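The values are calculated or read from the model by the stated rules, or taken from the named source; none is laboratory data. Keep in mind that what you see is a predicted model, and the values were worked out from it rather than measured. Because the Cβ atoms are built from the backbone with ideal geometry, glycine has one as well, and the counts that use them run over all protein chains shown. The accessibility values were calculated without ligands, DNA or RNA, using every heavy atom of the protein model including side chains. Shrake-Rupley method; radii C 1.70, N 1.55, O 1.52, S 1.80 Å.
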Amino acid sequence: AQSVTQPDIHITVSEGASLELRCNYSYGATPYLFWYVQSPGQGLQLLLKYFSGDTLVQGIKGFEAEFKRSQSSFNLRKPSVHWSDAAEYFCAVGAGGGNKLTFGTGTQLKVEL
Amino acid sequence: GAVVSQHPSRVICKSGTSVKIECRSLDFQATTMFWYRQFPKKSLMLMATSNEGSKATYEQGVEKDKFLINHASLTLSTLTVTSAHPEDSSFYICSARDQDSTDTQYFGPGTRLTVL
């Protein structure tokens, strides 16, 4: 069965600092991996996705993520965090983006001004 | 593009009543839609997969007679919570897969259901 682990429940960073959110997955085949962001009371917005090819993927809002098969990880990074980045971030894995997804428990990001 | 809407955004109902939530793909056709439930400070849990014109596929542990799903057109899926009880209070989110670009799901803004 597929699963996703986001080990950090809460992370606090200062505005302008770099950010890395961790995601580890378990999947029997080549995974489709996603990062979504959710603002309070809102739905999910896709930040980026990885299917194949270059293991470093660029997303919206200045985010990037690196797929490391050997570590079963897909960590999300941003070089300089903005106050508006404060939100809940979810990592997800699936057999395909159009197929059902398994989500991690999320990481709540707080940005200190 | 790729916008998914949900209606209503919030609903409060009395215990024992039924509530219908609509999920629409506004600018694309969706042969498949998904319904998720999110508990406070928890992850999203897939409830069911809805395919246009056929019966929904429910995840293990989800009562299909309680959570009725209809996907009658390529742009609309509905979730009806029948005989709602306080434990059904939750945030329900739908997503839709573009039939022309099947590798990504687009999520709706969610519906907050409160059952009194």
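Give the residue that is nearest to A:L44 (Cα to Cα), with candidates limited to residues of the stretch A:70-100 that are open to solvent by 10 Å² or more (accessible area, probe 1.4 Å) and within 14 Å of chain B (Cβ to nearest Cβ).
Across the stretch A:70-100, the extreme among qualifying residues is A:E88.
For the stretch B:18-41, name all the residues that are more than 24 Å from A:G104 (Cα to Cα) and within 11 Å of the chain's Cα centre (by Cα).
Result: B:K20, B:I21, B:E22, B:R24.
If you scan the stretch B:1-18, which residues turn out to be in contact with a Leu (Cβ under 6 Å, 6 or more places away or on another chain), over 21 Å from A:V37 (Cα atoms) and aliphatic (A, V, I, L, M)?
Hit for the stretch B:1-18 is B:V11, nothing else.
Give all pairs with beta carbons closer than 7 Å in which a residue from the stretch B:82-96 that is facing another protein chain (nearest Cβ under 10 Å) and on the phi > 0 side of the Ramachandran plot meets a residue that is surrounded by 17 or more Cβ atoms within 10 Å (Cβ to Cβ) and polar (S, T, N, Q); count only pairs at least 6 apart in sequence or on separate chains.
none
Taking the stretch B:12-24, which residues are more than 14 Å from chain A (Cβ to nearest Cβ) and surrounded by 18 or more Cβ atoms within 10 Å (Cβ to Cβ)?
B:V19, the sole residue that qualifies.
Could you pull out the residue among B:D27, B:D65 that is in contact with a Ser or Thr (Cβ under 8 Å, 6 or more places away or on another chain), assigned to a loop (DSSP other than H, G, I, E, B) and either open to solvent by 20 Å² or more (accessible area, probe 1.4 Å) or closer than 18 Å to A:N99 by Cα (or both)?
Going through B:D27, B:D65 in turn, the sole match is B:D65.
Quick one: which of A:T12, A:T55 is in contact with a helix residue (DSSP H, G or I) (Cβ under 9 Å, 6 or more places away or on another chain), among the hydroxyl-bearing types (S, T, Y) and away from chain B (no Cβ under 14 Å)?
Only one candidate qualifies: A:T55.
Does the stretch A:12-33 hold any residues that are hydrophobic (A, V, I, L, M, F, W, C) and open to solvent by 30 Å² or more (accessible area, probe 1.4 Å), and which are they?
A:A17, A:A29
Of the numbered conditions (1) touching a His at 6+ places or on another chain (Cβ under 8 Å); (2) facing chain B (nearest Cβ under 8 Å), A:F103 fails exactly one; give the number of that condition.
It is condition (1) that A:F103 fails.
Does any residue of the stretch B:42-51 turn out to be within 11 Å of another protein chain (Cβ to nearest Cβ), over 12 Å from the mean Cα position of the chain (by Cα) and surrounded by fewer than 18 Cβ atoms within 10 Å (Cβ to Cβ)?
So far as the stretch B:42-51 goes, yes, one or more of its residues are within 11 Å of another protein chain (Cβ to nearest Cβ), over 12 Å from the mean Cα position of the chain (by Cα) and surrounded by fewer than 18 Cβ atoms within 10 Å (Cβ to Cβ).
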